[in-house]
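A.B. asks: Quick one: structure below, then a few questions.
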């Protein structure tokens, strides 16, 4: 992996105590983390999880990464795509339950069907896929997990079209390592989220995407600062609402990260994808031709 092209972030937690407990054999050689021979630095073995976040623009993918690093992350909405180019994040994940450490490398890609701030920034889906391909091949040789990102309660035909392009782009080889993440889940009860899952599983337009994502569907949400700002003059109520929202998000975060961890031993080689990009271009051209013919027929009628 090309570390120079990555933004390195370390999650919060006690690294020293975890590492000291992580390898029992260490105590047969040293007296543990307080041994001065460490000189204040501690190394340990890690497992690697390489991930790709991909989907329609404004879902939002980048906010998931921010919230993974800081579960109390708050976001305001700009109405525009914030990710202009693919970016690689390197995070350290400390599993306090099983005493394991993971190096999580995440490729965050610009959303397809991009809505730019300025007209001159407009780019085609093919250009965005090419950028993603270049970023993946520059930084990673293997992928453990592909995350298709959509918005809870707002998955529509635009998302379905994007999923179709992306799943053809990746090929069936990534199906076993793919999951669906529904963002903005913080605004719904778990019963309502279960309804979204069921509809996604059974609707004829989305069933192919559900079947492709063998790892399942997961929920994610963040604290919406725009909502909390309404209560800025009532700090006690604002704090109470923040804690209530955080408690609602904890089970979602736990299930999502647990799924990430299961992919640590499921690496797939990153293959050349240029041929698939060209195939997507042909598919889009065929779709445009079909739409043109349909309009022409309607016009004649």
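No value in this document is a laboratory result; all are computed from the given coordinates. Nothing here was measured: the structure is a model prediction, and the numbers come from that model. With ideal geometry, Cβ positions are generated from the backbone for all residues, glycine too; neighbour counts draw on all protein chains shown.
A.B. asks: Which FRET efficiency, nearest 0.05, do residue 175 and residue 262 yield, Cβ-Cβ r, R0 22 Å?
C.D. replies: 0.90
A.B. asks: Pulled fully out, how much extra length does the chain show between residue 39 and residue 293, if you take 0.36 nm times their separation in residues and subtract their Cα-Cα distance?
C.D. replies: 84.2 nm
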